[in-house]
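One structure is given here, and the rest of the page talks about it.
The values are calculated or read from the model by the stated rules, or taken from the named source; none is laboratory data. Just so we're clear, the structure is a prediction, and the values are computed from it rather than from any experiment. Positions of Cβ are generated from backbone atoms using ideal geometry, with glycine treated the same way; all protein chains shown enter the neighbour counts. When the accessible area is computed, the model is the full protein with side chains, heavy atoms only, and any ligands, DNA or RNA have been set aside. Shrake-Rupley method; radii C 1.70, N 1.55, O 1.52, S 1.80 Å.
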Amino acid sequence: LVVADDVLMIEGDNRPGSLAKISDKLASAKINIEYVYFATPPHAKKGLMILRLSNAKKGLKVLNS
């Protein structure tokens, strides 16, 4: 079984609080994070965050504003 879902891939800083800033913006717009995972080595300065949101298109607009 294969299921395709829209996700957002964000390149950002690998430091404490990065996800909190993103989740605060999404929460203010009433967008839920359904799951999130990271593709970042522990000591890297930058990394990738993958998010599946309740509304990916709206989430993209919110995070780009």
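Data overview
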read-out: Failed criterion for residue 58 (all others in (1) part of a helix (DSSP H, G or I); (2) within 12 Å of the chain's Cα centre (by Cα); (3) surrounded by 13 or more Cβ atoms within 10 Å (Cβ to Cβ); (4) not hydrophobic (A, V, I, L, M, F, W, C) hold); value: (2)
read-out: Residue, farthest from residue 58 (Cα to Cα), within the stretch 1-24, restricted to residues that are open to solvent by 90 Å² or more (accessible area, probe 1.4 Å) and in contact (Cβ under 8 Å) with a residue 12 or more places away in the chain; value: 11
read-out: Cross-chain or 6+ apart pairs with Cβ under 7 Å, the stretch 42-60 first and free of Cβ contacts under 8 Å to residues at least 24 places away in the same chain, then of a type in the set (A, V, I, L, M, F, W, C) and crowded, with 16+ Cβ neighbours inside 10 Å; value: 54/31
read-out: Subset of the stretch 25-52 [assigned to a helix (DSSP H, G or I) and exposed (fewer than 10 other Cβ atoms within 10 Å of the Cβ)]; value: 28
read-out: Test for residue 63: is it surrounded by 11 or more Cβ atoms within 10 Å (Cβ to Cβ) and among the hydrophobic types (A, V, I, L, M, F, W, C); value: yes
read-out: Filter result for residue 28 (of a type in the set (Gly, Ala, Ser) and modelled with pLDDT of 95 or more); value: yes
